[in-house]
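Please read the structure below before turning to the comments.
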Amino acid sequence: MNPTRTRRATVRTGRATVAAAAAVVLSLTSAGFANGAAAVPADHGGDKITVGIKYDQPGIGLKTPDGTYTGFDVDVATYIAKELGHDPSDIVWKEAKSADRETLLQRGDVDFIAASYSINDERAKKVDFAGPYLLAHQDVLIRADDDSIKKPSDLNNKKLCSVTGSTSAQNVKEKIAPDAQLQEYGGYSECLTGLENGVVDALTTDDSILAGYASQDQFKGKFKLGGFKLSNENYGIGVQKGSDLKDKINTALEKMVADGSWDKAVEKNFGPANYQNEPAPKIGVIVK
């Protein structure tokens, strides 16, 4: 047999095999997306599990300067991961900014997200939610020695701070205290500094977030929550649409409440701010 012909036949066979394999992959991929299937979560190797959290919310989800992670959402996510068979060392933490959360889940960049992620109808069209695991409310944070703000309407003629782009302060001005003087800063830390120095009179966002900030060592005893409950925010664990993780996470959350770990996590992360938290919500019950 001619050696040259043998080599050519082998090359043609190899090319055909590669082409066939590529066609199969393309066919399967196209079929999956045609049927609306979500991307499969990325294989992060070994027994790793990737969890999306906030990096900049003390008491909720915070990446510290030494590279560790703290907060209520971190404790909840760690408990869930344990119930899914993962040690804390298996967890790969990934920042989940508010605007990126649905995309992270849809692309499979994370296995689940615990990031002060309020459940609403628009988000539920794109992702599934386990929980809720915390019922928060829009509230205000004021100085501990300020007795002039005892009810929401007392915010009239007060300087009310929130971050640029937030709807919280606008909600207060439009529905509760139309004469409130809005002050928008770049971040909550700037509002806290302004509140501490008397430049502003109150800071508004979710009470859980406010409690987390007020629980920081440098702020302990300086602020208090108004307790006004201006809205209901049902925090859920985000997963891919159709993921079987939803039921498993719900089971883990129920166990966390039953064994007392949920209460301990609340006290640990929010206690110093005298946060009057709601009882643990029932799985699947959304408070409007």
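Overall, the stretch 45-170 carries a charge dipole of about 440 debye about its Cα centre when +1 sits on the Cβ of Lys and Arg and -1 on the Cβ of Asp and Glu, all other atoms neutral.
Normalised by 2.2 N^0.38 Å, where N counts its residues, the alpha-carbon radius of gyration of the stretch 32-191 equals 1.26.
Carbon-plus-sulfur accessible fraction, the stretch 84-205 (probe radius 1.4 Å, protein heavy atoms only): 42%. Between Val287 and Asp179, the distance separating the two model label sites (each 7 Å from Cα on the Cα→Cβ line) works out to 3.2 nm.
Coupling constants for the stretch 250-266 follow from the phi torsions by the Karplus curve (6.51 cos²θ - 1.76 cosθ + 1.60, θ = phi - 60°), and in residue order they are 4, 4, 5, 5, 4, 5, 4, 5, 5, 8, x, 5, 5, 4, 5, 5, 4 Hz; glycine and proline get x. Shown is the FRET efficiency for Arg107 and Lys150, computed with R0 = 45 Å from the Cβ-Cβ distance and rounded to the nearest 0.05: 0.45.
Most tightly packed first, judged by the mean number of other beta-carbon atoms within 10 Å of their residues, the peptides 85-92, 127-134 read 127-134, 85-92.
If a spin label sat at a point 7 angstrom from the Cα of Ser166 along the line to its beta carbon, the backbone N atoms of the stretch 96-138 nearer than 14 Å would be those of 137-138. The slack in the chain from Asp121 to Gln218, taken as 0.36 nm per residue of separation less the alpha-carbon distance, amounts to 31.1 nm. Spin-label model, Ser261/Ser98: points 7 Å from Cα along the beta carbon direction are separated by 2.9 nm.
Across the stretch 182-216, the residues whose backbone nitrogen lies under 18 Å from the label position 7 Å along the beta-carbon direction of Lys159 are 182-205.
First select every other residue whose beta carbon is under 12 angstrom from the beta carbon of Glu102; then total the charges, Lys and Arg +1, Asp and Glu -1. It works out to a net charge of +3. Per residue, the stretch 105-199 exposes an accessible area of 44 Å² to a 1.4 Å probe, with every protein chain left in place. Over the stretch 136-288, all Cα pairs binned in 10 Å intervals from 0 give whole-percent P(r) values of 11, 37, 30, 17, 5, 0, listed from short to long.
The values are calculated or read from the model by the stated rules, or taken from the named source; none is laboratory data. Here the structure is a predicted model, which is why all the values come from computation and not from measurement. Don't worry about glycine lacking a Cβ; one is built from the backbone with ideal geometry, like all the others, and counts go over all protein chains shown. Surface accessibility is based on the protein's heavy atoms, side chains included, excluding ligands, DNA and RNA. Shrake-Rupley method; radii C 1.70, N 1.55, O 1.52, S 1.80 Å.
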